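FYI, it's all coordinate maths here, none of it is from the lab. All values derive from a computational prediction rather than experimental measurement. Here the Cβ positions follow ideal geometry from the backbone for every residue, glycine too, while neighbour counts run over all protein chains shown.
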């Protein structure tokens, strides 16, 4: 498929998991992809190598998110890699994981969550705007945690609620440039890097039993939704949060 042929994309957190699947999927459709990573240089190199083996184009760019100069460092690297080409697709995928329930979350953990999950994507978009082409795409990975009351993920859900609000307001602001802004909300998604989290006996069966489509999600499931929003087929969709959870916790399945 070459529906994104001639376009460019930046995917944050693309060294593994959902981000890696998104980068690979966009490249398979013809986009030249900037593969962002924070510390996992080997994972980013593996993503780039996989894309190139399949005939695509990619380059790695490093920036540790949550630091004072993260967005500047990232966009400088992206601009250098694009060598004068505009950026067509920005996927804010990188995020810090849940820090635990309110009773145990420390101030440092809370601040880290908001620095990586809220401040970083906000300023990445801000710094990317001069590089972003008219008619481009901004897609942020959120979470079904925003619609479910999980006491173990209160602070994490708050960060994702913030980027969903950002999605709606930016869609309204950037629409005059024909830039669409949307979010994708995965549910329980098993990847090569988080498989151990689903190892508890009966957990997979419990989650599948609470999901309308009766299984856990995969990184590729989410990547396909992101690719759809990046495509011309989604040109009339903006300001939306697309649930990509397979129908997790929609209600009783009796």
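Residues being touching a helix residue (DSSP H, G or I) at 6+ places or on another chain (Cβ under 9 Å) and over 18 Å from residue 191 (Cβ atoms): count how many of those fall in segment 3-26. I'd like the intermediate steps shown before the answer.
We begin by selecting, within segment 3-26, every residue touching a helix residue (DSSP H, G or I) at 6+ places or on another chain (Cβ under 9 Å); these are 3-4, 7-26.
Filter once more, so that each one left must be over 18 Å from residue 191 (Cβ atoms): 3-4, 7-10.
Going through segment 3-26 one residue at a time, the tally reaches 6.
Any residue in segment 130-141 that is part of a helix (DSSP H, G or I), touching a residue at least 40 places away in the same chain (Cβ under 8 Å) and surrounded by fewer than 18 Cβ atoms within 10 Å (Cβ to Cβ)? First the steps, then the outcome.
To start, the set of residues in segment 130-141 that are part of a helix (DSSP H, G or I) comprises none.
Looking through segment 130-141, none of the residues is part of a helix (DSSP H, G or I), touching a residue at least 40 places away in the same chain (Cβ under 8 Å) and surrounded by fewer than 18 Cβ atoms within 10 Å (Cβ to Cβ).
Can you find, within segment 41-57, the residue that is surrounded by the fewest Cβ atoms within 10 Å (Cβ to Cβ) among those that are in contact with a strand residue (DSSP E or B) (Cβ under 9 Å, 6 or more places away or on another chain) and under 23 Å from residue 116 (Cβ atoms)?
Quick first cut of segment 41-57, residues in contact with a strand residue (DSSP E or B) (Cβ under 9 Å, 6 or more places away or on another chain) only: 41, 43-45, 47-52, 56-57.
Restricting the remaining residues to those that are under 23 Å from residue 116 (Cβ atoms) gives 41, 43-45, 47-48.
Numbers: 41: 12, 43: 20, 44: 26, 45: 14, 47: 28, 48: 23.
Restricting to residues being in contact with a strand residue (DSSP E or B) (Cβ under 9 Å, 6 or more places away or on another chain) and under 23 Å from residue 116 (Cβ atoms), the top hit is 41.
If only one of 172, 194, 150, 182 is surrounded by fewer than 17 Cβ atoms within 10 Å (Cβ to Cβ) and in contact with a strand residue (DSSP E or B) (Cβ under 9 Å, 6 or more places away or on another chain), which one is it? Explain how you work it out, then say what you get.
Details: 194 fails: in contact with a strand residue (DSSP E or B) (Cβ under 9 Å, 6 or more places away or on another chain); 150 fails: in contact with a strand residue (DSSP E or B) (Cβ under 9 Å, 6 or more places away or on another chain); 182 fails: surrounded by fewer than 17 Cβ atoms within 10 Å (Cβ to Cβ).
Among 172, 194, 150, 182, only 172 is surrounded by fewer than 17 Cβ atoms within 10 Å (Cβ to Cβ) and in contact with a strand residue (DSSP E or B) (Cβ under 9 Å, 6 or more places away or on another chain).
Could you name every one of the helices (runs of 4 or more DSSP H) located completely within segment 144-254 that has at least 3 residues being closer than 18 Å to residue 13 by Cβ and touching a residue at least 24 places away in the same chain (Cβ under 8 Å)? Please lay out each step first, then the result.
Values: elements: 154-174, 203-209, 219-230.
Once the helices (runs of 4 or more DSSP H) in segment 144-254 are filtered for at least 3 residues that are closer than 18 Å to residue 13 by Cβ and touching a residue at least 24 places away in the same chain (Cβ under 8 Å), what remains is 154-174, 219-230.
Of all residues in segment 58-78, count the ones that are surrounded by 17 or more Cβ atoms within 10 Å (Cβ to Cβ) and either in a strand (DSSP E or B) or more than 20 Å from the chain's Cα centre (by Cα) (or both). Step through it out loud before you land on a result.
Our first condition is that a residue be surrounded by 17 or more Cβ atoms within 10 Å (Cβ to Cβ); within segment 58-78, this holds for 58-61, 63, 65-66, 70-71, 73-75, 77-78.
Retained after the next criterion (residues that are either in a strand (DSSP E or B) or more than 20 Å from the chain's Cα centre (by Cα) (or both)): 58-61.
Adding up the residues that qualify gives 4.
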